[in-house]
1. So which pairs qualify, if the first residue must be in the range 52-70 and within 25 Å of L37 (Cβ to Cβ) and without any contact (Cβ under 8 Å) to a residue 12 or more places away in the chain, the second must be among the aromatic types (F, W, Y) and assigned to a loop (DSSP other than H, G, I, E, B), the Cβ gap must be under 9 Å, and the two must be at least 6 apart or on different chains?
2. Considering each of S79, S65, S7 in turn, give the residue that is of a type in the set (S, T, Y), at pLDDT 90 or above and more than 16 Å from the chain's Cα centre (by Cα).
3. For V36, all conditions in the list (1) modelled with pLDDT of 90 or more; (2) surrounded by 11 or more Cβ atoms within 10 Å (Cβ to Cβ) hold save one; what is the number of the exception?
Amino acid sequence: MGVLLFSCSTDSDGDEPMEEIPVNARPVIEDQSFEVLETIGGFIEIGQIEAVDPEGGALKYFIESDYPLAVNLNTGVLSTVAKNVFDY
């Protein structure tokens, strides 16, 4: 007859809290707005998107838009990519 046993334990006596395992939580981004003239030119900086990674990691930025806008992948700076982007 064979017996196979498995067990897990920690080195603590049970009084210390266990270390939390990092979780890949979503970046935190608040609603933001930028005022832009209708006649803004091309390749003009509009503003910087502000976001924070809860774990303190570096963020990469990406934008999907019906307007010709671009965002810097590393800095979050939002800019136009064509003249007269907006038609109010």
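1. Once the first residue is within 25 Å of L37 (Cβ to Cβ) and without any contact (Cβ under 8 Å) to a residue 12 or more places away in the chain and sits in the range 52-70, its partners that are among the aromatic types (F, W, Y) and assigned to a loop (DSSP other than H, G, I, E, B) give A70/F43.
2. Answer to the check: S79.
3. (1)
The values are calculated or read from the model by the stated rules, or taken from the named source; none is laboratory data. Note that the structure is predicted; figures quoted are calculated from it, not measured. Don't worry about glycine lacking a Cβ; one is built from the backbone with ideal geometry, like all the others, and counts go over all protein chains shown.
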